[in-house]
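Worksheet: the structure to be examined is printed underneath.
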Amino acid sequence: MNLKTALLELEAELPQSFFYNIQKYKEHLFSWNRVHNLTGARDEKTMDEFIYDSIYPITFLPKVKNLLDIGTGAGFPGLILAMGLPQTQVTLVEPLAKRASFLQFIKANLELENVKVIQKKVEDMPHEVFELVTSRAVTDTNMLLNLSKNFRDENSKLLFYKGERVYDEVPNDLKYKIIKTQNRHYLLIGEDK
C-alpha cells in the first residue's frame, strides 16, 4: 500500500501538516522502537497499515470538540487521529512509561497543541466527559464500555477498532453501527444501525 495515495483517496479533508507529521512520526517510531519495543509494527508496510487503519474513521465520524483514546500505545489510533483532526482536543491515556514518554516526545517534536498525554490506567483518571471515546486492541467491548463509563454521557459516541469477532461482543440493547473495511471492523456506539 502506498500510504499517501491511499490517504488521498479517502474522502476526507486532512490538514496540510498531516503528511509531514506522519513522516516524522514514522521516523521517530522506527528509531524508538529499536530500543524500547513500543509496537509490533516493525516495517514500513505494517506501520502504514496501522496509520491508515487509525485515520480511516474520519471519513464517517461526526465533528467532535474532544476525544479520549484509551490505551494509546505507540499512537494508534489516538495520536494519528489528533494529527488528522487539529481542531479536536485529544487526550491520550497510556499506562506504560516508555510509550507515554514517546507520545509526549512526539507531541513536543511536532508541536501538537491539541494533544494531552496522561500516563495512567484509565481507571485511575478523574471523571470527565468526552464527546468521543476511542480504543484499539485493548480489550473486549463489554470491558471497554465499563472502562469508559466515567468519560461519557448520553450524547457521547464510542469508536472501538475491532476484528471480525465484533458481532459476538455487541450487547443487544446497544445503539451502534459497524463500519467494515478489508482489515477492520469499526464499532461506532451511539449511532443507529
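Values quoted throughout were computed directly from the atomic coordinates according to the rules given, and no laboratory measurement underlies them. Note that this is a predicted model, so its numbers are computed, not measured. No Cβ is skipped: glycine too gets one built from the backbone with ideal geometry, and neighbour counts run over all protein chains shown.
Taking other C-beta atoms within 10 angstrom as a stand-in for reagent exposure, H185, H127 fall in the order H127, H185, fewest first. Within the shell defined by Cβ-Cβ distances under 9 Å, the residues around V129 carry a net charge of -2, with Lys and Arg each +1 and Asp and Glu each -1.
Kindly state, to the nearest 0.05, the FRET efficiency for E27 paired with K98, given R0 = 22 Å and r defined as their beta-carbon distance. It comes to 0.80. Would you mind counting up the charge near L92? Only other residues with Cβ under 10 Å from its Cβ, with Lys and Arg at +1 and Asp and Glu at -1. In short, +1. Projected label points at E164 and M143, each 7 Å from Cα along the beta carbon direction, are separated by 2.2 nanometres.
Given +1 at the Cβ of Lys and Arg, -1 at the Cβ of Asp and Glu and no other charges, the dipole of the chain around its Cα centre is 340 debye to the nearest 20. With neighbour counts taken as other beta-carbon atoms within 10 Å, the residues D53, D140, D124 rank, fewest first, as D124, D140, D53. About its Cα centre, region 111-193 has a charge dipole of approximately 280 debye under the convention of +1 per Lys or Arg Cβ and -1 per Asp or Glu Cβ, with nothing else charged. Summing Lys and Arg as +1 and Asp and Glu as -1 over all other residues whose Cβ lies under 15 Å from the Cβ of S31 gives a net charge of +3.
Think of the chain as having a plus end and a minus end, set by charges on the Cβ of Lys, Arg, Asp and Glu; of W32, I179, L7, W32 sits farthest toward the positive end of this dipole. When the listed pairs K4/K149; K120/K149; K4/K98 are checked against a 27 Å cut-off, the alpha-carbon distance exceeds it for K4/K149; K4/K98.
Proximity of backbone amide H atoms, modeled 1.01 Å from N, is registered between T134 and L68, D69, I70, L159 at under 5 Å, excluding neighbours fewer than 5 places apart on the same chain. Once the Cβ-Cβ distance of L10 and Q87 is raised to the sixth power relative to R0 = 25 Å, the FRET efficiency obtained is 0.90.
Our estimate of slack between I178 and H36, defined as 0.36 nm per intervening residue step minus the Cα-Cα distance, is 47.7 nm. Taking each DSSP H run with n ≥ 4 as -39500 (n - 2.57) and averaging over every residue of the chain yields -10500 deg cm²/dmol at 222 nm. Here the extension length gained between H185 and M125 equals 18.8 nm, from 0.36 nm per residue of separation less the Cα-Cα distance. Here the peptides 44-50, 86-92, 11-17, 114-120 are ranked by packing, the mean other Cβ count within 10 Å, and the order with the highest first is 86-92, 114-120, 44-50, 11-17.
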